Amino acid sequence: MSTTTTSTFTITNARYLASKIAADLRQFKAFYGEPTEEKIDELYEELVEMLAGGYVATYEAGFRKDGKRVVSQRYTVSSGASADERAGGIYARAGVTGASWFTFMHYSPKWEALTTTAQRAVKDKVPINRTPGSTPTDGDGYWETGRSYESGGTSTARSGFRPT
């Protein structure tokens, strides 16, 4: 006898995953002074909407200087179950003097398949107005495999860039 289980990703699941990322952002704020609490709330709302629609491929947040990463976290979204670990564990000792806060969202094929009108309708629901840009290049440091968060059959694998 075999059984099959299915999982439906809901707005509740999106809120859960976005809350884990928001907790990481709050740890950035505690260690480095940014982003502001208001910005975290806006990024959370954006993530909920975009995750719920299946529109996020990767999401990255951190600090850059002269176009290079100083410290950051990148979240890769995929379907399928994985470990659901606690948030936190952000690298706490990066030198961010003169660096600026950034976030980048790379969209999924599902987003790219939407019409321009449909994309605009989604973007009109979120408080963030993203402009095209490029992610920073790696600075003097390295990537570490990090934690993963999972809810409703969707997971985010987190990796962190930290200075040497």
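The values are calculated or read from the model by the stated rules, or taken from the named source; none is laboratory data. All of these numbers come straight from a predicted model, not from anything done at the bench. FYI the Cβ positions are ideal-geometry reconstructions off the backbone, even for glycines, and counts take in every protein chain you see.
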Residues of the stretch 61-80 being surrounded by fewer than 17 Cβ atoms within 10 Å (Cβ to Cβ) and under 18 Å from A14 (Cα atoms), in sequence order, are T76, S78, S79, G80
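Given A99, A113, which one is more than 24 Å from G141 (Cα to Cα) and either among the small types (G, A, S) or surrounded by fewer than 12 Cβ atoms within 10 Å (Cβ to Cβ) (or both)? Reasoning before the result, please.
Numbers: A99 fails: more than 24 Å from G141 (Cα to Cα).
On inspection, the qualifying residue turns out to be A113.
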Going through (1) more than 24 Å from S72 (Cβ to Cβ); (2) of a type in the set (D, E, K, R); (3) over 19 Å from the mean Cα position of the chain (by Cα) one by one, R93 fails only at (1)
If we keep only residues of the stretch 130-146 that are in a strand (DSSP E or B) and at pLDDT below 95, then the residue farthest from L25 (Cα to Cα) is T145
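Going by what's in this entry, would S155 be described as among the small types (G, A, S), out of contact with any Phe, Trp or Tyr (no Cβ under 9 Å at 6 or more places or on another chain), within 27 Å of F9 (Cβ to Cβ) and in a strand (DSSP E or B)? Step through it out loud before you land on a result.
Working: among the small types (G, A, S): yes; out of contact with any Phe, Trp or Tyr (no Cβ under 9 Å at 6 or more places or on another chain): no; within 27 Å of F9 (Cβ to Cβ): yes; in a strand (DSSP E or B): yes.
In short, no.
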Over the stretch 29-60, the set of residues surrounded by 21 or more Cβ atoms within 10 Å (Cβ to Cβ), under 20 Å from P132 (Cα atoms) and aliphatic (A, V, I, L, M) is L43, L47, M50, L51, V56
For the stretch 118-129, the count of residues that are free of Cβ contacts under 8 Å to residues at least 24 places away in the same chain and assigned to a helix (DSSP H, G or I) equals 5
Fill in: Residue within the stretch 82-90 that is over 25 Å from E150 (Cα atoms) and loosely packed, with under 12 Cβ neighbours inside 10 Å present
no
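I need the strands (runs of 3 or more DSSP E) fully contained in the stretch 15-117, keeping only those with at least 2 residues that are touching a residue at least 60 places away in the same chain (Cβ under 8 Å) and in contact with a Lys or Arg (Cβ under 8 Å, 6 or more places away or on another chain). Lay out the reasoning, then the answer.
Details: elements: 56-65, 68-79, 100-107.
Per the criteria, 56-65, 68-79.
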